[in-house]
Amino acid sequence: MNEQARLLVMDFGGQYKELIARTVRGLNVYSEILPGNVSAERVRELAPIGIIFTGGPKSVYRLDAPVCDPGIFSLGIPVLGICYGMHMMCHMLGGEVAAGEVSEYGRVPAQLDTGAARTSGAARTSSAARASGAALFDGLRQEVRVLMSHRDYVKKLPEGFVSTARTEACPNAAFEDTRRKLYGVQFHPEVEHTEQGREVIRNFLYNICGASADYHLDDVIERQAAMIRERAGDERILLALSGGVDSSVCAALISKAVPGQLVCIFVDHGFMRLKEPEEIAETFGTSRDLNFISVNAQERFMEKIKGVTDPERKRKIVGEEFIRVFEEEARRLEAGHRGPVKIFAQGTIYPDVIESGGLFGATIKSHHNVGGLPERLEFQEKLEPLAGLFKDEVRALGRKLGLPQALVERQPFPGPGLSIRIMGEVTREKLDILRQADYIFRQEVEKCGEPPQQYFAVFTGARSVGVMGDARTYDHVIALRAVETSDFMTCEYSPIPHEVLARASSRIVNEVKGVSRVVYDITSKPPATVEWE
Ligand code: XMP
């Protein structure tokens, strides 16, 4: 994956770093995210075609404000600074950044120097266009609405720079020094709220960095398959298959690369959703290439989790027991006639890698993977063929590899499963009630168009009085939760139509024995989390 041209996104704490990197990839240029303090020497070694500095929450004048290695400005590599990235560039190169009289938040009209006024049509399309803004804002409208989110602004330009855009509150909403190939925008071109923002990034890549559109998912499949073949030789590869998008796509990719060498172990801990273990077995169990092993460990997990009410302990117990079952199965395999399994595969994806410090020398955080398997098992090699891909790319890859749509679109499901969606002690009866309620809710949501990113039912542990027929009931309260988000770091509750909620509520109370009341969770994250435990 690293042979083609790459663009570096340098992170200064901005919330949109992944969005920037994904936008770049969507424009067929491979991108990677690195911490903002990466050395100029390292950047030179990586030889990117361009660099984008992200925004960030700090003010350049704060003592702890992050800065880049100043040597980066003299590498001759084009740089685009966004928001804080622009301020930092300005401050470090001798300009002045100051706090504005007023903050500017939201969509505002901006006037751009598109080069159109001063150059002929022919010159506008040339990458060597000379009029200010001609390369970065080439082909854009002169007035666009852009997303602003700042108080600080560039008050005095550094030497060699010219201003290329302005808004009512911000005289230098963009600047450039074309000689040194340094560019800055105060607004956020990476978000949809900025009109023609994608064009700004496209122009940076193609007019300024000289990109050649050499990043395509089809090539990624071929390249990763070749890498897998080379690493695997004729060794067997073991994969813990959860049925989630990442491990499923990982399985499909490996089995395409080295048919018959993969062994997939699916541990059914008993906290899966209704019909899920059967669906997973149906999808993966029928292919001989996958050597799918399903382990029914429901009894063991139930035994371990009995009487436990603390959410963190539940997570820990499920994670540890998972490792134990997996280890046992791996040993059983090893006891077979083909000797030890040396390679362990994991469906780690790029955002997991970014969280733990980047692609270069990173260790994978374990808390959202079930248990940190490789530490306990002595595999000689770890194979992570999806570690450079974003979630939407992994889904697209899954589609290209022929996985069923339902699986590729599957919503996230926590490793500990329903055990952390039942408040208090987990029992079979509660699991049963929750499974049915959750199934109904999912059915109703899916019936009406595009579903939100995550939607599920929660067993609240509360009981409530109801009336059924002439009789008083005192039964369980089920909560429904649905969230909209792009990254799960922050979420809004989903404004699901009332008719859908009403249908789900009525069906749950009528069809699921033991439920007397259904409520809808209208809390955002933060302050709440997506899961209740
Ligand atoms: P929270 O509840 O932290 O959830 O707002 C954010 C996203 O992470 C998922 N989640 C987990 N996934 N193991 C996982 O594999 C876990 O222990 C876990 N806890 C939360 C959650 O479903 C949501 O998508």
Which condition number in (1) within 18 Å of Pro404 (Cβ to Cβ); (2) at pLDDT below 95; (3) under 22 Å from the mean Cα position of the chain (by Cα) is the one that Leu253 fails?
(2)
If Val394 satisfies every condition in (1) within 25 Å of the chain's Cα centre (by Cα); (2) farther than 23 Å from Glu279 by Cα; (3) hydrophobic (A, V, I, L, M, F, W, C) but one, which is the exception?
(2)
Out of (1) at pLDDT 95 or above; (2) within 16 Å of the ligand (Cβ to nearest atom); (3) of a type in the set (A, V, I, L, M), what's the single condition that is false for Val512?
(2)
Quick count over segment 285-324, residues being within 14 Å of Ile265 (Cα to Cα), assigned to a helix (DSSP H, G or I) and touching a helix residue (DSSP H, G or I) at 6+ places or on another chain (Cβ under 7 Å), is 3
Log entry, pairs with first residue in segment 449-476 being farther than 14 Å from Gly514 by Cβ and within 16 Å of the ligand (Cβ to nearest atom), second being modelled with pLDDT of 95 or more and polar (S, T, N, Q), beta carbons closer than 8 Å, six or more apart or on different chains, reads Pro452/Ser494; Tyr455/Ser494
With respect to the numbered conditions (1) under 30 Å from Arg22 (Cα atoms); (2) within 16 Å of the ligand (Cβ to nearest atom); (3) charged (D, E, K, R), which one is the sole condition not fulfilled by Asp438?
(1)
Residue check: is Val465 of a type in the set (A, V, I, L, M) and open to solvent by 40 Å² or more (accessible area, probe 1.4 Å)?
yes
Of the conditions (1) of a type in the set (Lys, Arg); (2) within 24 Å of the chain's Cα centre (by Cα); (3) surrounded by fewer than 16 Cβ atoms within 10 Å (Cβ to Cβ), Arg25 satisfies every one except a single condition; which number is it?
(3)
Identify, by number, the condition in (1) among the β-branched types (Val, Ile, Thr); (2) within 16 Å of the ligand (Cβ to nearest atom); (3) open to solvent by less than 20 Å² (accessible area, probe 1.4 Å) that Thr490 doesn't meet.
(3)
Within segment 53-60, does at least one residue satisfy the condition of being buried (at least 20 other Cβ atoms within 10 Å of the Cβ), under 18 Å from the mean Cα position of the chain (by Cα) and outside the structural domain of Tyr350 (by TED's automatic domain parsing)?
yes
So which helices (runs of 4 or more DSSP H) stay within segment 370-470 end to end and still have 3 or more residues that are of a type in the set (Lys, Arg)?
391-400, 428-447
Being part of a loop (DSSP other than H, G, I, E, B) and open to solvent by 80 Å² or more (accessible area, probe 1.4 Å) is the filter here, so list the residues in segment 325-339 that pass it.
Ala335, His337, Arg338
Pro495 vs. criteria part of a loop (DSSP other than H, G, I, E, B) and more than 15 Å from the ligand (Cβ to nearest atom)
yes
List, please: which pairs have Cβ atoms under 9 Å, are six or more places apart or on different chains, and start with a residue in segment 230-248 that is open to solvent by 40 Å² or more (accessible area, probe 1.4 Å) and end with one that is more than 12 Å from the ligand (Cβ to nearest atom) and of a type in the set (Phe, Trp, Tyr)?
Ser242/Phe266
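The values are calculated or read from the model by the stated rules, or taken from the named source; none is laboratory data. Keep in mind that what you see is a predicted model, and the values were worked out from it rather than measured. In this analysis, Cβ positions are derived from the backbone assuming ideal geometry, glycine residues included, and neighbour counts consider all displayed protein chains. Note: areas computed on protein heavy atoms with side chains; ligands, DNA, RNA excluded. Shrake-Rupley method; radii C 1.70, N 1.55, O 1.52, S 1.80 Å.
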